[in-house]
Amino acid sequence: MNELQKLVRDYVVREYLEEGDTRTIDLDTPLISGGIVDSFSMVSLKRFLEKKCALQIPDAEATPAAFDSVRSIVDLVARLGGKGPAG
């Protein structure tokens, strides 16, 4: 798992799984369709990525499909030219 994948996965685990939740989040775990991330949470995840990766994610790109797995989120960030995690 690369640094950006780990950043996204760790954020999802920290922010969206309740204490004691034993689900494992990997690159392909369904986040939105699996009920882990909802539309409100997606907005906070989008803002987190914009800040950490020094990029702007257009609303048209912030779709449920684009945010449905760690892999799809990382692909979106890479496609939009994100600089990767910054301090």
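Only residues that are free of Cβ contacts under 8 Å to residues at least 60 places away in the same chain, under 15 Å from Y11 (Cβ atoms) and within 12 Å of the chain's Cα centre (by Cα) were counted across the stretch 69-87, and they come to 3.
Kindly indicate whether D75 is surrounded by 13 or more Cβ atoms within 10 Å (Cβ to Cβ), among the acidic types (D, E) and either on the phi < 0 side of the Ramachandran plot or in contact with a Ser or Thr (Cβ under 9 Å, 6 or more places away or on another chain) (or both). Against the criterion (surrounded by 13 or more Cβ atoms within 10 Å (Cβ to Cβ), among the acidic types (D, E) and either on the phi < 0 side of the Ramachandran plot or in contact with a Ser or Thr (Cβ under 9 Å, 6 or more places away or on another chain) (or both)), D75 does not qualify. Per this entry, L55 is not counted among residues that are surrounded by 13 or more Cβ atoms within 10 Å (Cβ to Cβ) and either under 10 Å from the mean Cα position of the chain (by Cα) or charged (D, E, K, R) (or both). Please verify whether the stretch 1-16 includes one or more residues that are surrounded by 14 or more Cβ atoms within 10 Å (Cβ to Cβ), part of a loop (DSSP other than H, G, I, E, B) and either touching a residue at least 12 places away in the same chain (Cβ under 8 Å) or not acidic (D, E) (or both). No, the stretch 1-16 contains no residue that is surrounded by 14 or more Cβ atoms within 10 Å (Cβ to Cβ), part of a loop (DSSP other than H, G, I, E, B) and either touching a residue at least 12 places away in the same chain (Cβ under 8 Å) or not acidic (D, E) (or both). Restricting attention to the stretch 36-49, the residues that are buried (at least 16 other Cβ atoms within 10 Å of the Cβ) and free of Cβ contacts under 8 Å to residues at least 40 places away in the same chain total 6.
Laboratory data are not the source of any read-out in this text; all were calculated from the coordinates shown. Please read these numbers as outputs of a predicted model, since none were measured by experiment. Here Cβ is always computed from backbone atoms with ideal geometry, including for glycine, and neighbour counts include all displayed protein chains.
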